[in-house]
Amino acid sequence: MTGYKSKHGYDGLLIVIEGTDGSGKSTQISRLKRWIEDQSYGAMVSEWKTSKFIADAINDAKDRNLLNATTFSLLYAADFADRLEQVIIPALKAGFVVILDRYIYTAYARDTVRGHDIEWLKNLYDYAPEPDMVFYLDVPVEILLKRIIGTTGLDYWESGRDIGLSNDFYKSFQIYQSKCLEQYHKMIDEYNFISIDGTLSEKDIHKKIIEKVENILEI
Amino acid sequence: MENKSRLNQSHNLPGTLVCVEGIDGSGKSTQLIILRDWLKSLKQDVIFTEWNSSDLISQTTKLAKKKNLLSPRTFSLLHAVDFADRLEQVIIPALKAGFIVLADRYVYTAFARDVARGVDRNWVRKVYGFAVKPDLTLYFRVTEDVSLERICSNRAPKFYEAGMDLKISSDPYESYKIFQKRVNDEYKSMINEYGLVEIDANESIHNKQVFFREKVKEVLSQKGIFL
């Protein structure tokens, strides 16, 4: 190692990519993973809401429109706890570079927008290891809207329809995502996010990311 | 922080929340059912809610238990989901509507069991910080030995109720006693912390019900309901 010591004390590294839907996280994560593997390191990706049992329960509850702000928050926390213990920590112990698609900051942003107290949320996730680096892909809400409408379409929950911001889908997405972006922006300093302009080209964003990651990998 | 929790302040809703707590085999469910039928016979509006019974998640939790897949923390959070769901869909609306809500187990079950499984005491209390304070909680005190006798007279202790996930002992009977003692110890420490009303579970069904009704009458009379 280049004298770098991980912030969580495990042998591996924990790299987080944060940003709202449509910010280009997935593209950058697969490029980063490939690049890390090209440097002869083991890399793995873990995405938000992918634990074996709980993710199904979340999707089912979302489909049936059964969630309130508290159950929403706690279910995601359960999913996270499960993935952390079953996937992330074992990989860190084994020395992998673990790339996380969203982390506790996603919960902080979404759940405070849904009215939860930040102190309650911080307690909920207080056992989460500190990441070695957090990249935040910053994209203005108008561009997010275009990207989402052009690909997956507006989703009920990603538009915050559950909190009754507006009956108009477009308007609701705009308000909800703006509120989430506001929360992300507040966290930039507090958690040392490396904020990257998400409207740059894929290649340029990738370059900015690996420039930083190089500093903590022994290359 | 601790004192700001809703669990330490009266809920100020028109209804009344009555909970029973204690380890398995303490007879609390029987007592609650007898109480419910009595209240109904007096034309009171009563609803009944049980631990881990919400539509939302209880099936997931049961399935995960069967496969022994989840850590104590994940379990704790899943039970919190179940509770939050029932609290917001059932308990609080009923309290707003002036019902007497009877809860077979409440957050104290989580505080006792999760901590007995090694989850941090303050963490779990804060997780449940959104819960409303009951008007009355009865803690049915029974020893681990009596509990084991009653629960396991015709079957072996189940994996989780015996705390087998903690690998304390490979003998389920032995493990049950050690684990349930830990749960009981947590309950005992909550008597003062949350003002739980202790009742000796070895008393007869009749004596326990007489005591229970007295306590319920007391809290109802404070709300202007005289039975």
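The values are calculated or read from the model by the stated rules, or taken from the named source; none is laboratory data. The structure displayed is predicted, hence computed values, not measured ones. Every residue, glycine among them, receives a Cβ derived from its backbone with ideal geometry; neighbour counts consider all protein chains shown.
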**Request:** Quick one: which residue in B:GLU214, B:GLU186, B:GLU198 is over 30 Å from A:HIS116 (Cα atoms), touching a residue at least 12 places away in the same chain (Cβ under 8 Å) and not aromatic (Phe, Trp, Tyr)?
**Result:** B:GLU198
**Test: B:ASP37 is in a helix (DSSP H, G or I), away from chain A (no Cβ under 14 Å) and of a type in the set (D, E, K, R)** = yes
**Complete:** Of those in the stretch B:1-56 that are under 19 Å from B:PHE111 (Cβ atoms) and β-branched (Val, Ile, Thr), the residue nearest to the chain's Cα centre (by Cα) is B:VAL20
**Request:** Evaluate the stretch A:163-180: report whether one residue or more is part of a strand (DSSP E or B), within 19 Å of the chain's Cα centre (by Cα) and modelled with pLDDT of 95 or more.
**Result:** no
**Prompt:** Where residues in the stretch A:31-68 are more than 9 Å from every other protein chain (Cβ to nearest Cβ) and among the small types (Gly, Ala, Ser), which of them is surrounded by the most Cβ atoms within 10 Å (Cβ to Cβ)?
**Reply:** A:ALA43
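Look through A:TYR105, A:TYR76 and report the one residue that is farther than 23 Å from A:LYS5 by Cβ, crowded, with 18+ Cβ neighbours inside 10 Å and aromatic (Phe, Trp, Tyr).
Answer to the selection: A:TYR76.
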**Complete:** Of the residues in the stretch A:52-70, those that are in contact (Cβ under 8 Å) with a residue 60 or more places away in the chain, farther than 16 Å from B:LEU77 by Cα and not in a helix (DSSP H, G or I) come to A:ASN65
**Prompt:** Which of the residues that make up the stretch A:118-132 are facing chain B (nearest Cβ under 10 Å), over 15 Å from A:ASP82 (Cβ atoms) and in a loop (DSSP other than H, G, I, E, B)?
**Reply:** A:ASP126
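Taking the condition of being charged (D, E, K, R) and either touching a residue at least 40 places away in the same chain (Cβ under 8 Å) or in a strand (DSSP E or B) (or both), how many residues in the stretch A:133-149 meet it?
Residues that pass the stated criteria total 2.
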**Which listed residue, of B:VAL132, B:VAL101, B:VAL107, is touching a residue at least 60 places away in the same chain (Cβ under 8 Å), closer than 18 Å to B:GLY15 by Cα and within 14 Å of chain A (Cβ to nearest Cβ)** = B:VAL132
**Request:** Would you point out the residue of the stretch A:128-144, among those that are of a type in the set (Asp, Glu) and crowded, with 18+ Cβ neighbours inside 10 Å, that is nearest to A:LYS179 (Cα to Cα)?
**Result:** A:ASP138
**Prompt:** Going through the stretch A:111-136 one residue at a time, which ones are in contact with a strand residue (DSSP E or B) (Cβ under 6 Å, 6 or more places away or on another chain) and of a type in the set (A, V, I, L, M)?
**Reply:** A:MET133, A:VAL134
**Request:** For the stretch A:55-70, enumerate the residues that are of a type outside the set (S, T, N, Q), at pLDDT 85 or above, closer than 12 Å to B:ASP85 by Cβ and out of contact with any His (no Cβ under 7 Å at 6 or more places or on another chain).
**Result:** A:ALA57, A:ALA61, A:LEU67
**Request:** Quick one: in the stretch A:71-117, of everything that is of a type in the set (Lys, Arg) and assigned to a helix (DSSP H, G or I), which residue is nearest to the other protein chains (Cβ to nearest Cβ)?
**Result:** A:ARG83
**Fill in**
The residue from B:VAL146, B:VAL197, B:VAL127 that alone is within 15 Å of the chain's Cα centre (by Cα) and among the β-branched types (Val, Ile, Thr) is B:VAL197
**Asked** Based on what the data block shows, is B:LYS43 without any contact (Cβ under 8 Å) to a residue 24 or more places away in the chain, not in a helix (DSSP H, G or I) and not acidic (Asp, Glu)?
**Response** yes
**Of all residues making up the stretch B:132-147, the number that are out of contact with any Asp or Glu (no Cβ under 9 Å at 6 or more places or on another chain) and surrounded by fewer than 22 Cβ atoms within 10 Å (Cβ to Cβ)** = 6
**Fill in**
In the stretch A:161-175, anything of a type in the set (Lys, Arg) and surrounded by fewer than 12 Cβ atoms within 10 Å (Cβ to Cβ) is listed as none
**Request:** Identify the residue in the stretch B:60-97 that is within 8 Å of chain A (Cβ to nearest Cβ) and over 28 Å from B:LEU17 (Cα atoms) and, among all such residues, is surrounded by the fewest Cβ atoms within 10 Å (Cβ to Cβ).
**Result:** B:LEU63
